[in-house]
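To start, the structure itself, in structure tokens.
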Amino acid sequence: METSPAGPGKVNNILKLKYLFFLPAAFLAVQPFVLEVRSCSVPVFRYALERWRPDPYKGIFIYRDGIPETDRALLEQLKRLASNPDYPLNLVIREVDVDAFTEEKLAELLKGPLPGTLPALAIWYPGQMGEKAPVWVEKPAPSFLEALAQSPKRIEMAERLINGDSVVWVFIPSGNTRKDERAEALIRAELDVALKAYSRMPFSILSGGRRKQLTYGFPVLTVSREDPAERAFVDMLMKSEPDLYEHTGEPMVFPVFGRGRSLGCLFGAYITEENIRNAAAFLSGSCSCEVKELNPGVDLLVAAPWDMVVMHSFVDDTPLPELTGVMPAAAVIEEPAPAAAAPAAAAPLPEPLAAETGGARNRGILKAYGITLGAILAVVVFAGIFINRRRNKNS
């Protein structure tokens, strides 16, 4: 038998190099398990309801030569609504004295000229201050502030989400009876089909020794453009996409899930069986990413006791106090994080809201790849032991 020209040292080096070939195979072998660890099997709408805090709308109260007594009272009322710990309203307001800044700087922030009449209230969508024009630039009239803080339809929407409905489909009619009836009938029919399909395979999880089952619900909530109490609600929906006010002659529907997050808008010809099914499927599918900003949608301005739902969590069993009630009758309240506190005196112009850092995402990635590397190391070790045993046996 022909012997190998390589000596024992070279043979050992070759065997060591052969271990490297296990690395790609090991990575591919454990990758499905890594993805399983990183992803979440809880449906998107439920994970969002339990874990995604609403991003804050940010606003500035612009004044000159002091704030009149009546306007000061309205401003303080709004601040109280934005700091109520029981019914958090995702809103942060700061005061800005025009005399403390150049008009050019304020105009740049507003993406337009200063209001002709001061004081005025300017409010932006979450994360858009300094990037885009405000959603509203309004005189702080009581009627506007009341509609801004809360409305009957938003209360109903939040109640439905907190009480277990999966997605509330907010329907805004066009005023054209034929179009509206056809669109609403199609929406309701497709949602009935989706509800029956998901109800046949309900999501359940073994948690704390008990099996908890998640039910589904897809109610349609009609909101009229002509209702003054819903003015701010309609506005924040219609301005969530740049051209929706160009299509007011068409019926519109907004799937709202989680803690008042709108997925987007379907209007007119885009209200189809396929689009409704796709939206329902996405929101009812497994949540594959814990980072909220990597998911589509925009948070609405809603005051509600969202944290109550984690009592019946499908994600975590952290015990909370007993649920005592859901919604108040009056207009409601607060901001999701301690950062809601606003300074009493004039402050520097607020910086644009910072996007969430990659810390949480990086921790998830490090965790996942830590599992991967650990599995690869285990494969390499066992492969080495197996080869050494065979070599010892043969020798």
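Read-outs throughout are calculated quantities, based only on the coordinates presented, and are distinct from any laboratory measurement. Remember, it's a predicted structure, so these values are computed and weren't measured experimentally. No Cβ is skipped: glycine too gets one built from the backbone with ideal geometry, and neighbour counts run over all protein chains shown.
Start at zero, step by 10 Å, and the Cα-Cα distances of the range 56-149 spread as 16, 51, 30, 3 percent across the bins. Backbone phi angles across the range 120-127, fed through the Karplus curve with coefficients 6.51, -1.76 and 1.60 (θ = phi - 60°), yield HN-Hα couplings of 9, 10, 10, 9, 10, 4, x, x Hz in residue order; Gly and Pro are listed as x. Centre-to-centre separation between the Cα atoms of the range 230-253 and those of the range 59-93: 26 Å.
Counting Lys and Arg as +1 and Asp and Glu as -1, each charge on the Cβ, what is the dipole of the range 56-149 about the Cα centre in debye, to the nearest 20? Before the final figure, lay out the partial values.
Details: 10 positive and 14 negative charges, 54 e Å.
I would put it at about 260 debye.
Listed cross-link partners 111/153; 139/179; 79/111; 111/179 are compared with a 28 Å cut-off, the Cα-Cα value being larger for 111/153; 139/179; 111/179.
Placing unit charges on the Cβ atoms of the charged side chains and taking the dipole of the range 123-255 about its Cα centre, the candidate lying farthest along the positive direction among 252, 223, 193 is 193.
Global size of the range 149-192: 12.7, 33 Å for Rg and Dmax (C-alpha atoms, Rg to one decimal, Dmax whole).
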